[in-house]
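Inspection log for the structure reproduced underneath, given as structure tokens.
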Amino acid sequence: MDITVIGEGSVLAAPDILRLHAGVEVRRASAADSFTAVRAAAARLADALRQAGIAAEDVRTVELSLGPEYETYPKVAAYRAAQGVEVVVRDLTRADRVIDTVAGVGEEARLNGVAFELSSPADVLREARTRAFRDAAAKAAQYAELAGRPLGRVVSVSEDVKGGPQPLMTLAAAAADTSASISPGRQTLTVTVEVGYDFA
């Protein structure tokens with residue numbers, strides 16, 4: 001016979017990386033014109049990000065689309081082309097500047113939201129694991145005492161980690177409050193551990 005308990009440990013940490021989801025979008029009468037225009041706008045966006053100090057390896061293409069928009073099917077009203085990128089901002093003091101840079105590309109610019117994360121979560125997870133295991137051990141000791149049996153050795157451990165990149169409000173919502181600045185706040189990383197003990 002054994003005891004299986006669930007322990008939980010949570011740690012608050014300040015994110016230090018911003019992932020910005022942005023891009024460009026155009027509508028033109030022909031597919032060729034639309035694609036040419038969106039590629040030109042994407043080149044302007046890439047150049048603006050480079051001038052804002054974003055390294056090439058911190059920009060990743062996440063969308064490239066071209067397709068018709070119908071007035072009434074099958075009548076085509078226009079062709080929509082879009083190119084989206086995920087931009088990693090490693091210096092949060094420059095986040096507002098980078099966002100302003102994207103918005104300044106022109107009417108084709110799109111801001112689709114941001115997410116914050118920890119660049120090195122290992123230390124935070126280590127502390128969360130310690131808290132989770134201590135929580136499980138305290139529960140197991142209590143159950144053993146209630147059962148009138150001495151607690152034995154640990155026979156199994158399994159872990160579940162919750163947390164990671166946390167989406168913030170979309171930039172459209174942020175724009176409603178022009179005095180707002182991008183703020184990472186704090187992020188909770190939680191470790192849940194299931195520990196099995198033998199009775200001694």
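Quick notes
- Near-label residues of region 84-115 by backbone N, under 12 Å of a point 7 Å along Cα→Cβ of Ser65: 84
- Bridges between two residues of the chain, per DSSP, are antiparallel at a rate of about 100%.
- FRET efficiency for Phe199 and Leu12, using Cβ-Cβ distance with R0 set to 45 Å, rounded to 0.05: 0.80
- Förster-model FRET efficiency, 41 Å R0, Asp33 and Ser181, C-beta, rounded to 0.05: 0.60
- Peptides 186-199, 90-103 ranked from most to least packed by the mean count of surrounding Cβ atoms within 10 Å: 186-199, 90-103.
- Global size of region 32-94 as Cα Rg and Dmax, reported in angstrom: 15.4, 49
- Contact order relative to length of the chain, as percent, for alpha carbon pairs under 8 angstrom and 6 or more apart: 37
- Which labelled figure in (i) 23.1, 87; (ii) 20.2, 60; (iii) 25.1, 80 is Rg and Dmax of the Cα atoms in Å, once derived from the coordinates: (iii)
- When Rg and the Kirkwood radius Rh are both evaluated on Cα atoms of region 1-72, their ratio Rg/Rh stands at 1.33.
- The accessible surface of the chain, taken with every protein chain in place and a 1.4 Å probe, is 51 percent carbon and sulfur.
- Counting only protein heavy atoms and a 1.4 Å probe, the chain has 57 square angstrom of accessible area per residue.
- Given their separation in residues at 0.36 nm each and the Cα-Cα distance between them, Arg90 and Ser158 gain 21.2 nm when the chain is fully extended.
- Pair-distance distribution of region 110-164: all C-alpha pairs, bin width 10 Å, starting at 0; shares per bin in whole percent are 17, 35, 23, 15, 7, 3, 1.
- Burial ranking of peptide ranges 76-86, 27-37 (average Cβ count within 10 Å, highest at the top): 76-86, 27-37
- The helix-only estimate of mean residue ellipticity at 222 nm for the chain, built from DSSP H runs of length n ≥ 4 each weighted as -39500 (n - 2.57), is -10000 deg cm²/dmol after division by the residue total.
The values are calculated or read from the model by the stated rules, or taken from the named source; none is laboratory data. Computed from a predicted model, the values in this text were never measured in an experiment. So basically every Cβ, Gly included, is an ideal-geometry build from the backbone, and we count neighbours across all protein chains shown. For accessibility, only protein heavy atoms count, side chains too; no ligands or nucleic acids. Shrake-Rupley method; radii C 1.70, N 1.55, O 1.52, S 1.80 Å.
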